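Single-structure report; data block below.
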Amino acid sequence: MSPRRRFDLVLRSQRVVLPDGEQPAAVCVSGGVVAAILPYGAPVSAAREVDLGSLAVLPGLVDTHVHVNEPGRTEWEGFDSATRAAALGGVTTLIDMPLNSIPPTTTPDALAEKRAAAKEQISIDVGFWGGAVPGNRSELAALYDAGAFGFKCFLADSGVPEFPALDAVEFEATARRAAELGALLIVHAEDQHALDQRRIDQHRGNERVGAANSESGGAAAAQAAPVTEFASFLASRPDAAESAAVTRVLAVARRTGARVHILHLSSAESLPLIAEAKAGGVRVTVETCPHYLFFAAEDIPNAATEYKCCPPIRSAANREQLWAALDSGVIDFVVSDHSPCAPELKQRASGDFATAWGGIASVQLGLPVVWTEARQRGWTLGRIAELMAMRPADFVGLPHKGRIAVGCDADLVVFDPDAEFTVDGATLAHRHPVTPYQGSTLTGVVQATYLRGRLVDDKPYGKLLRRIMSGPRAAASPEPVDGVAAVATEGEAVGA
């Protein structure tokens, strides 16, 4: 009889979430990868064995939309705090956005600078998006070859001067270049013209109100008054701004063959456009975020600027349409859009939505937020793992991430799906405690997170990931991975 194989770690659970469903199993880990998946009670030899009973084991989440902000704005967030918070929330891989760091990741040198800042302090695996801005189209090939996972651009003001938006001509030229490279082009889809027009209309309305106040004995405002009503802020970022931008993105994708991705979709008005484009073969994917699936505009208090994000949180009816689109596959997956800032930038003293920074820090809370709502709709943990782990991993070409399968990285999350907790921002690992989830009761608690079979603790154990070509560039590949793989920057392969 051959000797029993010895594993580094075995996790047993009655609820292991596998790609083909949830079942009792023993997940066996060797050398940082899943070496075997055996029946729950199978005898094994292991350096460490843990029986989790009815606690669930999920694949580590893959969050492809995180603003870490380091270097340059590390007082907002940094790699240390962001990756620790992510791990506490069950995220084992994140892809960092090219802004709001200084410099933004728009050149190979800036990418190298960001990698150097991250290298010694990441608790989970981290990759990087590049940025597409006016004037850097000649840098895109080198940035892509340096390992960026694709390029992010804006069709409206980004909020930071060093990352300007692309106009219509620049956007189409960038899409053509992305198609030539076989690269993802990910888009903040709000239309600047629509936003400007709404601002003009609102300003005219305020002038009429000011004139009426003056005639009745009041003084007309010498300068713009704070916008403290959430309804006014919501009206300033209308559905039409998203649908106009989505329409342009889809039209350009049809003309150029580029593979495009709609970031943080908030408006259900765009869903029919996207469904039609997908049915017609346009290479488009779409994400939404936990805050759009949890909050509703009708419930947001005035002056509560912690809720501000762009595009904005919309109505309860809109929220239900987003859930339906997730269910049908029109929306592909859920990621955080973790976008923190220093607390004073949220203008909490004045409650002014017009001047407050737009972003929600939530990378630690995404899993329980989505699970809280999903379980009320009868969804399974398997669906959540698909939408928050496997699909984002496939989107960026990380087939060894986001699933519990033999040969894949042993990125595992021990999750109590029935436990409840009340959010206290002061206890989160994010750099700052500001959160719209403050006081919310959520269901689902992350008990432990393993990265490549090692329990994540205070020691940085993460690797830097980059995209590399496995063959000649192919601009029209229909496959979601586009012939790329991920490797550590040091050259050590981390793929299956």
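The values are calculated or read from the model by the stated rules, or taken from the named source; none is laboratory data. It should be emphasised that the depicted structure is a prediction, and the values quoted were computed from it without experimental measurement. Cβ: placed from backbone, ideal geometry, glycine included. Neighbour counts: every protein chain shown.
Sort through L273, L365 and tell me the only one that's touching a residue at least 12 places away in the same chain (Cβ under 8 Å) and out of contact with any Phe, Trp or Tyr (no Cβ under 9 Å at 6 or more places or on another chain).
L273
Test Q347 against the stated conditions and say whether it is closer than 22 Å to L428 by Cα and of a type in the set (S, T, N, Q).
yes
Need at least 3 residues that are surrounded by 24 or more Cβ atoms within 10 Å (Cβ to Cβ), without any contact (Cβ under 8 Å) to a residue 60 or more places away in the chain and touching a helix residue (DSSP H, G or I) at 6+ places or on another chain (Cβ under 8 Å) per element, so show me which strands (runs of 3 or more DSSP E) inside segment 77-177 make the cut, counting only ones lying wholly within it.
No strands (runs of 3 or more DSSP E) qualify here.
For G281, which of the numbered conditions (1) crowded, with 19+ Cβ neighbours inside 10 Å; (2) part of a loop (DSSP other than H, G, I, E, B); (3) among the small types (G, A, S) fails to hold?
Unmet condition: (1).
Suppose we filter G90, G72, G41 for residues that are over 19 Å from the mean Cα position of the chain (by Cα) and at positive phi; which single one remains?
G72
Against the condition more than 19 Å from A405 (Cβ to Cβ) and either of a type in the set (D, E, K, R) or assigned by TED's automatic domain parsing to the domain that holds S362 (or both), how does V66 come out, does it pass?
Considered against the rule, which asks whether it is more than 19 Å from A405 (Cβ to Cβ) and either of a type in the set (D, E, K, R) or assigned by TED's automatic domain parsing to the domain that holds S362 (or both), V66 comes out as yes.
Taking the condition part of a strand (DSSP E or B), assigned by TED's automatic domain parsing to the domain that holds F149 and touching a helix residue (DSSP H, G or I) at 6+ places or on another chain (Cβ under 6 Å), does V260 pass?
Taking the combined requirement at face value, the residue satisfies it.
Here are S336, S350: which of them is small (G, A, S), assigned by TED's automatic domain parsing to the domain that holds L88, in contact with a Gly (Cβ under 6 Å, 6 or more places away or on another chain) and touching a residue at least 24 places away in the same chain (Cβ under 8 Å)?
Result of the check over S336, S350: S336.
Mind telling me which of the residues L465, L442 ends up being at pLDDT 95 or above and within 15 Å of Y144 (Cα to Cα)?
From the options L465, L442, the qualifying one is L465.
What's the total number of residues in segment 359-383 that are surrounded by fewer than 24 Cβ atoms within 10 Å (Cβ to Cβ), within 22 Å of R452 (Cα to Cα) and in contact with a helix residue (DSSP H, G or I) (Cβ under 8 Å, 6 or more places away or on another chain)?
Counting residues in segment 359-383 that are surrounded by fewer than 24 Cβ atoms within 10 Å (Cβ to Cβ), within 22 Å of R452 (Cα to Cα) and in contact with a helix residue (DSSP H, G or I) (Cβ under 8 Å, 6 or more places away or on another chain) gives 1.
Does V34 count as outside any helix (DSSP H, G or I), surrounded by 20 or more Cβ atoms within 10 Å (Cβ to Cβ), more than 16 Å from the chain's Cα centre (by Cα) and outside the structural domain of E113 (by TED's automatic domain parsing)?
yes
For segment 81-90, indicate whether the set of residues that are outside the structural domain of T427 (by TED's automatic domain parsing), closer than 22 Å to V456 by Cβ and either of a type outside the set (V, I, T) or out of contact with any Cys (no Cβ under 6 Å at 6 or more places or on another chain) (or both) is non-empty.
Within segment 81-90 (the criterion being outside the structural domain of T427 (by TED's automatic domain parsing), closer than 22 Å to V456 by Cβ and either of a type outside the set (V, I, T) or out of contact with any Cys (no Cβ under 6 Å at 6 or more places or on another chain) (or both)), the answer is no, since none of the residues qualifies.
For R314, work out the one condition from (1) in a helix (DSSP H, G or I); (2) surrounded by 18 or more Cβ atoms within 10 Å (Cβ to Cβ); (3) touching a Ser or Thr at 6+ places or on another chain (Cβ under 8 Å) it doesn't fulfil.
(1)
Which count do you get for residues in segment 178-203 that are outside any helix (DSSP H, G or I) and of a type in the set (A, V, I, L, M, F, W, C)?
Counting residues in segment 178-203 that are outside any helix (DSSP H, G or I) and of a type in the set (A, V, I, L, M, F, W, C) gives 6.
Of the numbered conditions (1) of a type in the set (G, A, S); (2) in a helix (DSSP H, G or I); (3) at pLDDT below 95, A253 satisfies every one except a single condition; which is it?
(3)
If I go through segment 364-415 residue by residue, how many of them are among the aromatic types (F, W, Y) and in a loop (DSSP other than H, G, I, E, B)?
Final tally of qualifying residues: 1.
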